[in-house]
């Protein structure tokens, strides 16, 4: 993504300590992982939480996929992954979550053949969303779904639509626009 499309000049990566301001107990009331991603995951499935932050959705997805499933929590900041794993241990699901430290230029996923991916409130921070979605596309099985969301108070409709176009450019098709509180959201399918 070029800098002119970024909501902030040059993009911005949320610092790990700032995540406490929105990743807290109250968030479960607004963004309940079971309600939001439950329809797209099944027990024994494999999920990607791209830009997992402190694990709000990773832990929820780990509960959904159960002991036979796996959630790959992917973040650019080791501190975020450390907090995720501490929270996952307290929740009793650490064995279902694989923390993955990515690089600024690559998720380094390989061919995981995952069933579902979540890209929540972070694609606008990425310099090249097309590359991001291309890597995710390569890590999903045929027909897998991806839920993409951005904060509506921060990411304008034009940028949101542009990022969806980037995802469609690498082989995703738009399936629906589910309602996600204080967010713009799209459900995409891997073609």
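Where a number appears in this text, it was derived from the coordinates with a stated rule and is not lab data. Note that the structure is predicted; figures quoted are calculated from it, not measured. When we count neighbours, we look across all protein chains shown, and the Cβ atoms used for this are built from the backbone with ideal geometry, even at glycine.
See the values below:
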| read-out | value |
| --- | --- |
| FRET efficiency, residue 162 to residue 82 (Cβ-Cβ, R0 35 Å, nearest 0.05) | 0.60 |
| Per-peptide average of other Cβ atoms within 10 Å, ordering 152-158, 42-48 highest first | 42-48, 152-158 |
| For 95, 166, order by how many other beta-carbon atoms lie within 10 Å, fewest first | 95, 166 |
| Projected-area mean, region 55-190, by convex hull of Cα positions, square nanometres | 7.9 |
